[in-house]
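Colleague: This is the structure, below, for whatever I ask next.
The values are calculated or read from the model by the stated rules, or taken from the named source; none is laboratory data. What you see is a predicted model, and the numbers here were worked out from it, not measured in a lab. As a convention, Cβ positions derive from the backbone with ideal geometry for all residues, glycine included, and neighbour counts pool all protein chains shown. Ligands, DNA and RNA are stripped out before the accessible areas are found, and what is left, the full protein with its side chains, is counted by its heavy atoms. Shrake-Rupley method; radii C 1.70, N 1.55, O 1.52, S 1.80 Å.
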Amino acid sequence: MESEDELDMHDAHDDDDDSVDNEEDFYSGGEDDAAAIDSDDADVGDYEFVDNDSDDSDDMVSYRHQQNYIILAEADIRQRQEEDIMRVSTVLSISKVAASILLRHYNWSVSKVHDEWFADEEKVRRAVGILEKPVLPPSNALELPCGICFEIYSRDNIQSAACGHPFCNTCWTGYIRTSINDGPGCLMLRCPDPSCGAAVGQDMINLLASDDDKKKYSRYFVRSYVEDNRKTKWCPAPGCDYAVDFIVGSGSYDVTCRCSYSFCWNCTEEAHRPVDCGTVAKWILKNSAESENMNWILANSKPCPKCKRPIEKNQGCMHITCTPPCKFEFCWLCLGPWSDHGERTGGFYACNRYETAKQEGVYDDAEKRREMAKNSLERYTHYYERWATNQSSRQKALADLHQMQTVHLEKLSDTQCQPESQLKFISEAWLQIVECRRVLKWTYAYGYYLPEREHAKRLFFEYLQGEAESGLERLHQCAEKELQAYITADGPSREFNEFRTKLAGLTSVTRNYFENLVRALENGLSDVDSQGTCSRTASSKSIGGSRSKGGKGKMSAFRASGSSRTIDDTDHWSCEHCTFANVKSFTICQMCQQRR
């Protein structure tokens, strides 16, 4: 069954089938398109939906929503632990306590336990501390000495592990408490006897530990299932107790927890597609390291000739006086003593010595280093400011999304006389804005580390980035500014259904563009060859994922190194899966082998 929103979108799509519908206009950047979008009377036909009846779109939708991970709450973790323990206990015919010790030793890998056990059971027992036959104290002994305090106790006050070494309950409790307070190492607790390696299981903990120690032990036990398991990790969001079970080798590492925090499962930083984990690590280190401080000092200051402290020139005169206790007076240009300067050196605002020495090449190295540091700092500042701006815009969009879901949707439902279930397209638009701001933010880190020598790729990247910014701004403005008029309206508006069509269309088009942009950047902009020209898929059609109707669609060409190439829609069709431009006579994509 289709939801009401899907039915509404189908209706809107069917009603406008005869209108001009070119998604490439949305991202072509042409003046005609901008005027059409910005106009209040923009035709709803300018916003194309994904046709949910086609097989290709079904594949694309399943691709978008395919999850390669499972979010686990504490109850889920305990259930999985219990299932694994029961499976090992049943297969190996051992107690559940022994099975839990085995799994803990082999990092909760059931297959590893089975392989090692059946390869050499005796070796595994020795390594883990599981005895095949428990040792029992003499049955006729009414009293036994404690191996720690050496006091004599009745059998009721003496306990022992499978090894049979007797210790009093008080010593056992103290030994367990100390081990638990020392950390997760208590999960591999051994007999207190220094010469014994017998394991102490959870049954002893439950019997002899205090209630607080039992709770601590239980938390360590649950956390070990996540922290020792290569397939699971905790959500890194502050205060979040969910874990993520990830299918390794299944594609994207991006994970969204139930707490709404998105992160990379591989490096546990925030989600950062299309940038790889190594680039993210370098970018974060650069943002927090002292290297940029040193670059700024080198670019904007000079060392005092006497005490060598860096000095920033904040006044117009070349006469510089160092701070106490140095108080050395010198010329900013040539760094010579000010007592040697005056009218004979060009006056107080010039320095003939400096100009002469510069012509002779004396200051070349210092000036070159200062100029390089200044250029490096300006370049870093350019990318960082835009990275930070998109980050703040994303935070603002998250706040707006929360306010929309908690306040405005209910008000809009009452004003426009529509159930909230039919207003989900607004939340979907804001969620898309949040995601696109994240992607756009990380494209600036991508651009910063893009090699300067790859001029064609840089041009292509900047073109795609500019188109992405333009499209996102249109969606953001529609969801933020245009929607406000309907929220503050006194009653139902006839134009609201047209607004629904427009916003849903913008959301769909922007989603398609950014998905293709991410794939292009992850592939290293392979559409640009080594000669600095752009392949067929490097056009705005392949990135925008646009389609034309009746073979009359327009196409904007990407220019690189002074040359341009245009793909004729009448001779080629763009694959919906990989965006490869295929010859029209082919019915199977020559790149990904998917049918047309």
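Yes/no matrix, rows are residues, columns are (1) open to solvent by 40 Å² or more (accessible area, probe 1.4 Å); (2) among the β-branched types (Val, Ile, Thr); (3) in contact (Cβ under 8 Å) with a residue 24 or more places away in the chain:
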| site | (1), (2), (3) |
| --- | --- |
| Glu132 | yes, no, no |
| Pro138 | yes, no, no |
| Arg155 | yes, no, no |
| Cys163 | no, no, yes |
| Trp172 | no, no, yes |
| Gln202 | yes, no, yes |
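Colleague: Filter region 375-417 down to the residues that are of a type in the set (A, V, I, L, M) and touching a helix residue (DSSP H, G or I) at 6+ places or on another chain (Cβ under 9 Å), then identify the one that is farthest from Cys259 (Cα to Cα).
Modeller: Leu377
Colleague: Which is open to solvent by 70 Å² or more (accessible area, probe 1.4 Å) and among the aromatic types (Phe, Trp, Tyr), of Phe167, Phe118?
Modeller: Being open to solvent by 70 Å² or more (accessible area, probe 1.4 Å) and among the aromatic types (Phe, Trp, Tyr) holds for just one of Phe167, Phe118, which is Phe118.
Colleague: Here's something else I'd like to know. Looking at region 179-200, which of its residues are crowded, with 19+ Cβ neighbours inside 10 Å, among the aliphatic types (A, V, I, L, M) and over 18 Å from Ile158 (Cα atoms)?
Modeller: Scanning region 179-200 gives Ile180, Leu187, Leu189.
Colleague: Then there's this: Among the helices (runs of 4 or more DSSP H) contained in region 197-291, which hold 2 or more residues that are modelled with pLDDT of 85 or more and over 30 Å from Gly185 (Cβ atoms)?
Modeller: 277-288
Colleague: Leu131 versus (1) outside any helix (DSSP H, G or I); (2) within 37 Å of the chain's Cα centre (by Cα): which is the lone unmet condition?
Modeller: Against the list (1) outside any helix (DSSP H, G or I); (2) within 37 Å of the chain's Cα centre (by Cα), Leu131 comes up short only on (2).
Colleague: Within region 205-229, restricting attention to residues that are more than 32 Å from the chain's Cα centre (by Cα) and among the aliphatic types (A, V, I, L, M), which residue is surrounded by the fewest Cβ atoms within 10 Å (Cβ to Cβ)?
Modeller: Checking each candidate, the answer is Leu207.
Okay, residues lined up against (1) at pLDDT below 60; (2) over 23 Å from Arg309 (Cβ atoms); (3) loosely packed, with under 15 Cβ neighbours inside 10 Å:
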| residue | (1), (2), (3) |
| --- | --- |
| Lys327 | no, no, yes |
| Cys334 | no, no, no |
| Lys358 | yes, yes, no |
| Arg370 | no, no, no |
| Asn375 | no, yes, yes |
| Tyr380 | no, yes, no |
| Glu385 | no, yes, yes |
| Ala388 | no, yes, yes |
| Ala397 | no, yes, no |
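Colleague: From the list Ser413, Ser393, which residue is among the hydroxyl-bearing types (Ser, Thr, Tyr) and more than 25 Å from the chain's Cα centre (by Cα)?
Modeller: When all the criteria are applied, what remains is Ser413.
Colleague: Across region 485-517, what is the number of residues that are in contact with a Leu (Cβ under 8 Å, 6 or more places away or on another chain) and free of Cβ contacts under 8 Å to residues at least 24 places away in the same chain?
Modeller: Qualifying residue count, region 485-517: 1.
Colleague: List pairs: first in region 390-417 and at positive phi, second at pLDDT below 90, Cβ under 8 Å, 6+ apart or cross-chain?
Modeller: Once the first residue is at positive phi and sits in region 390-417, its partners that are at pLDDT below 90 give Cys417/Pro492.
Colleague: Out of (1) assigned by the TED database to the domain that holds Ile205; (2) farther than 24 Å from Cys191 by Cα, what's the single condition that is false for Gln159?
Modeller: All conditions are met except number (2).
Colleague: Can you name the helices (runs of 4 or more DSSP H) wholly within region 451-522 that have at least 3 residues being open to solvent by 20 Å² or more (accessible area, probe 1.4 Å) and over 14 Å from Ala429 (Cβ atoms)?
Modeller: Because the criterion is at least 3 residues that are open to solvent by 20 Å² or more (accessible area, probe 1.4 Å) and over 14 Å from Ala429 (Cβ atoms), the helices (runs of 4 or more DSSP H) in region 451-522 that meet it are 455-477, 496-522.
Colleague: Ok, one more. Does Leu525 meet the test of being at pLDDT below 90, surrounded by fewer than 22 Cβ atoms within 10 Å (Cβ to Cβ), over 30 Å from Pro419 (Cβ atoms) and aliphatic (A, V, I, L, M)?
Modeller: yes
Colleague: Same structure, new question: Check whether at least one residue in region 426-443 is hydroxyl-bearing (Ser, Thr, Tyr), in contact with a helix residue (DSSP H, G or I) (Cβ under 7 Å, 6 or more places away or on another chain) and modelled with pLDDT of 85 or more, and report yes or no.
Modeller: Within region 426-443 (the criterion being hydroxyl-bearing (Ser, Thr, Tyr), in contact with a helix residue (DSSP H, G or I) (Cβ under 7 Å, 6 or more places away or on another chain) and modelled with pLDDT of 85 or more), the answer is yes, since at least one residue qualifies.
Colleague: Of the conditions (1) at pLDDT 90 or above; (2) touching a Phe, Trp or Tyr at 6+ places or on another chain (Cβ under 7 Å), Ile176 satisfies every one except a single condition; which number is it?
Modeller: (2)
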